[in-house]
Amino acid sequence: MATACAICGSDRIEPLIARRDTPVFQNAVYADAAAAKAAPRGDLDFRRCQACGFVWNAAFSSDRLAYSPAYENRQSLSPAFDAHLKRRAAAARALIEGRRGAAIVDVGCGQGDFLDYLAKAAPADAEASLFGFDPAWRGEDGQGPAGGRVYRRLFDETEALNGAPADLIVSRHVIEHIPDPMAFLATLRRCSGPETRLAIETPDIDWIRRTGAFHDFFYEHCSLFSLPALDQALARSGFVATRLERVFDAQYLWVEARPVEIEPAPPAAAYQARWEAVIARAAAAGPVVVWGAGAKGATFVQMFDRDASRIAAVVDLNPEKQDRRLGGTGHKVVSPEAAAAIAPATILVMNPAYEAEIGDYVRGHGWRAEIIVVR
């Protein structure tokens, strides 16, 4: 068991789920039953960081996996997923709107389907050079859909574009397969220039936990992200998220980012900048409530929402505080029952000691809200 989270460094780690002797590939198919039953296997030992929500398989070993052209994970045959891919391609192309002759790299492109979607999403006069990298590519090396060039290998920034920065880097459903996601993001950062834009899509571990989708824990997905964990991972790698949302019926996280210079900041300034950004994104997604009207909550809303414009209410179990107002900001204190009428999209939990208790309440009452613990 790891002693610290790879994303935020916290040592508050809890066991999540374990299974032994599971097939290591979920998207490999076999010619006959004997070959299928002899498929390589491995163990699941998923751990969760209680601070940022990052989840990983402590029993994972890259030696058991070898992605090859036999790997099959195409989903674009579904009309629903085809519509999803069109929306994602349009969102990605919008990041470099107005650029002519852009260089676009798809890291982990499979059979190049998304390169084709990216080409079709472009305006008629917006030519682009398309590149893809994936060891499962089945075509000719250096050829690909929509005039792109796809290479049967893992992405390596020393080979991409001869060292020139890409205009757009896309990586869909790749980072969850990588045991060292921080090293992966560092690679993407090294091949980014000041104007590079990044788009990543990956499963949302909080959706998996919230819906009880335990079949979504499997060997290939060794690194699973919550929204806060992905935000922190990008920030530590030299990116700033410009958009972070849930897509495809809230099953996936979609993040858009740009590179920034990492500069040391005083702890207080870093704390202020981080929570300003989190609250701004949360408020754009729907109502935000703070859970806890004690000293922590009262101070927090004073720091980040003095005019009570971004935080809809403060939730507290104490009936003596309910239907009254916090000093300074005037935020209304409400009961959990009253908070349900607000239909919060985000709940900021002021004390980590109550995270499990509040999470049980939220899930037990069917709220579809993101829980973010303030630390």
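Kindly check whether there is at least one residue in the range 139-146 that is within 21 Å of Asp82 (Cβ to Cβ), in a strand (DSSP E or B) and either among the aliphatic types (A, V, I, L, M) or not assigned by TED's automatic domain parsing to the domain that holds Ile169 (or both).
No, because not a single residue in the range 139-146 is within 21 Å of Asp82 (Cβ to Cβ), in a strand (DSSP E or B) and either among the aliphatic types (A, V, I, L, M) or not assigned by TED's automatic domain parsing to the domain that holds Ile169 (or both).
Exactly one residue among Ala293, Ala282, Ala250, Ala308 is in a loop (DSSP other than H, G, I, E, B), touching a residue at least 12 places away in the same chain (Cβ under 8 Å) and touching a Ser or Thr at 6+ places or on another chain (Cβ under 6 Å), and that residue is Ala308. Would you confirm whether or not the range 95-106 contains a residue that is in contact (Cβ under 8 Å) with a residue 24 or more places away in the chain, in the same structural domain as Arg209 (by TED's automatic domain parsing), in contact with a Gly (Cβ under 9 Å, 6 or more places away or on another chain) and not charged (D, E, K, R)? Yes, the conditions are met somewhere in the range 95-106. Of all residues in the range 314-336, at least one satisfies being hydrophobic (A, V, I, L, M, F, W, C), touching a residue at least 24 places away in the same chain (Cβ under 8 Å), in contact with a Phe, Trp or Tyr (Cβ under 8 Å, 6 or more places away or on another chain) and not in a helix (DSSP H, G or I).
When the residues of the range 253-264 are filtered to those that are in a strand (DSSP E or B) and not hydrophobic (A, V, I, L, M, F, W, C), which remaining residue is farthest from Thr202 (Cα to Cα)? Show your work before the answer.
From the range 253-264, those in a strand (DSSP E or B) are 253-259; that's our starting set.
Remaining after also requiring not hydrophobic (A, V, I, L, M, F, W, C): 256, 258-259.
On the way: Glu256: 12, Arg258: 17, Pro259: 19 Å.
Taking the candidates together, the pick is Pro259.
Scanning the range 25-72 for residues that are basic (Lys, Arg), at pLDDT 90 or above and assigned to a helix (DSSP H, G or I) turns up just one, Lys37.
Does the range 87-100 contain any residue that is under 23 Å from Ala66 (Cβ atoms), surrounded by 14 or more Cβ atoms within 10 Å (Cβ to Cβ) and among the hydrophobic types (A, V, I, L, M, F, W, C)?
From the range 87-100, those under 23 Å from Ala66 (Cβ atoms) are none; that's our starting set.
Within the range 87-100, not a single residue is under 23 Å from Ala66 (Cβ atoms), surrounded by 14 or more Cβ atoms within 10 Å (Cβ to Cβ) and among the hydrophobic types (A, V, I, L, M, F, W, C).
Across the range 337-366, the number of residues qualifying as out of contact with any strand residue (DSSP E or B) (no Cβ under 8 Å at 6 or more places or on another chain) and in a loop (DSSP other than H, G, I, E, B) comes to 4. Scanning the range 297-340 for residues that are of a type in the set (S, T, N, Q) and farther than 18 Å from Ile279 by Cα, we see that the one that is surrounded by the fewest Cβ atoms within 10 Å (Cβ to Cβ) is Asn318.
Scanning the range 110-123 for residues that are in contact with a helix residue (DSSP H, G or I) (Cβ under 6 Å, 6 or more places away or on another chain) and assigned to a loop (DSSP other than H, G, I, E, B), we see that the one that is surrounded by the most Cβ atoms within 10 Å (Cβ to Cβ) is Gly112.
The values are calculated or read from the model by the stated rules, or taken from the named source; none is laboratory data. No experiment lies behind these values; they were computed from the predicted model shown. Reconstructed Cβ throughout: ideal geometry from the backbone, glycine too, with neighbour counts over all protein chains shown.
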